[in-house]
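Shown next, in structure tokens, is the structure this report addresses.
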Amino acid sequence: MTKKICLFNHKGGVSKTTTSYNLGWKLARNGKKVILVDADPQCNLTGLVLGESFDDFYIQRPKDNLKAGISAAFEATPIPLSSIDCFQIPENTNLYLVPGHIGLSEYEVPLSIAHQLSNTIPTLKNLPGAMNSFLELVSEKYNADYIIIDMNPSLSSINQNLFCLSDFFMVPTSTDYFSVMAINSLSSVLPKWEKWAKMARVAFNDSSYPFPTTSTKFLGTIVQNFTIRNGEPSEAFQKWIDEVAKAVNEKLLPAINPEGMMLDSQKYKADQPQNGYCLAEIPSFSGLIPRSQRGRMPVYEVPDNLLGVGTVLEQYKIIRDRFLRVFDQLADDVENMTN
């Protein structure tokens with residue numbers, strides 16, 4: 001059965017796209033069939049995968065993207081939803097992409113209206129479950145083990161829909177005051193979304209595209225974008241890592257647990273409750289990002305010839321290997337927690 005995982009935080013700049021890409025790539029390297037879904041109209045994940053062929057892709061394959069895949073439902077076209085041909089990543093053939101589209105936000109208004117649980121207009125009644133049905137068709141076509149959904153930083157109806165159709169969610173955060181604020185905000189928002197989903201499962205169960213029947217479960221946070229000193233986060237960043245963990249334990253968990261959004265306790269590692277259910281601490285990617293983008297590969301697979309020479313090469317090899325260990329562990333944890 002395909003597991004749908006969304007990476008969501010309505011705060012921007014927390015490396016959702018980079019983490020989605022690197023995690024999806026690692027799961028695919030581990031032998032899993034993985035589909036990356038770019039649900040951000042900015043299409044940064046699509047650009048990361050396609051590189052210089054970005055523009056040509058949309059010209060040559062205008063129907064192979066997320067917006068086109070759900071358009072039949074949102075534009076009341078009298079044909080059923082169907083899968084698209086995903087972009088298969090040549091360097092990692094277990095990994096596929098559902099490209100994003102800048103026009104996806106056009107569907108925000110009708111979906112928002114449909115989310116009001118209106119039973120009066122049949123075409124609107126089909127919208128809340130349409131994206132889930134489309135993703136199910138894509139996963140069946142490619143026999144996917146995982147769908148990784150990269151979402152945009154907002155509290156939009158599209159994000160609410162994608163969050164509630166996912167089986168699991170992770171919350172990427174950075175190490176600053178605004179990330180603590182974001183955790184506090186999510187503590188209010190996410191339970192409301194789950195309450196809406198409970199109603200939607202009943203209200204839309206007889207639509208052409210039924211809404212998923214299971215709650216979205218919390219896997220953990222990913223703390224990112226901090227500086228390493230002597231192998232550990234510097235003191236200033238450690239302060240905010242601790243503050244994020246505190247906000248998760250004191251605000252987020254008490255809010256989502258009553259709504260059934262937590263896994264069974266044995267699914268979490270023994271140290272997770274103490275560290276704010278943090279799955280991984282990922283330092284700043286720094287100079288590896290442009291090299292990763294140039295090679296169209298994850299940070300932990302950038303070849304030596306793109307890293308530099310001499311001392312620079314040796315320094316970047318150390319950094320690259322650190323990220324390899326981080327994403328090896330993160331992928332293993334995700335597999336264990338979602339099985």
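The values are calculated or read from the model by the stated rules, or taken from the named source; none is laboratory data. Please read these numbers as outputs of a predicted model, since none were measured by experiment. No Cβ is skipped: glycine too gets one built from the backbone with ideal geometry, and neighbour counts run over all protein chains shown.
The condition (being under 12 Å from the mean Cα position of the chain (by Cα) and more than 29 Å from residue 210 (Cβ to Cβ)) is satisfied by just one residue among 44, 22, 9, 30: 22.
Every residue, every condition in (1) at pLDDT below 90; (2) crowded, with 20+ Cβ neighbours inside 10 Å, yes or no:
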position: 186; (1), (2): no, yes
position: 190; (1), (2): no, yes
position: 195; (1), (2): no, no
position: 215; (1), (2): no, no
position: 229; (1), (2): yes, no
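Can you work out which of the residues in region 295-315 that are closer than 23 Å to residue 24 by Cβ and part of a helix (DSSP H, G or I) is modelled with the lowest pLDDT? In this case the residue turns out to be 295. Kindly evaluate residue 200 against the criterion of being more than 17 Å from residue 183 (Cα to Cα), surrounded by 19 or more Cβ atoms within 10 Å (Cβ to Cβ) and not hydroxyl-bearing (Ser, Thr, Tyr). Here the answer is yes, as residue 200 does meet what is asked. Selection within region 106-130: residues that are among the β-branched types (Val, Ile, Thr) and assigned to a helix (DSSP H, G or I). The member of this set that is modelled with the highest pLDDT is 109.
The residue pairs whose first member lies in region 70-83 and is farther than 14 Å from residue 207 by Cβ and at pLDDT 95 or above, whose second member is surrounded by 14 or more Cβ atoms within 10 Å (Cβ to Cβ) and among the charged types (D, E, K, R), and whose beta carbons are closer than 9 Å, counting only pairs six or more residues apart or on different chains, are 83/141. Filtering region 234-271 to residues that are surrounded by 14 or more Cβ atoms within 10 Å (Cβ to Cβ) and over 21 Å from residue 181 (Cα atoms) leaves 234, 259, 262, 263, 267, 268, 269. A single entry from 144, 182 fulfils the requirement of being outside any helix (DSSP H, G or I) and either buried (at least 23 other Cβ atoms within 10 Å of the Cβ) or on the phi < 0 side of the Ramachandran plot (or both): 144.
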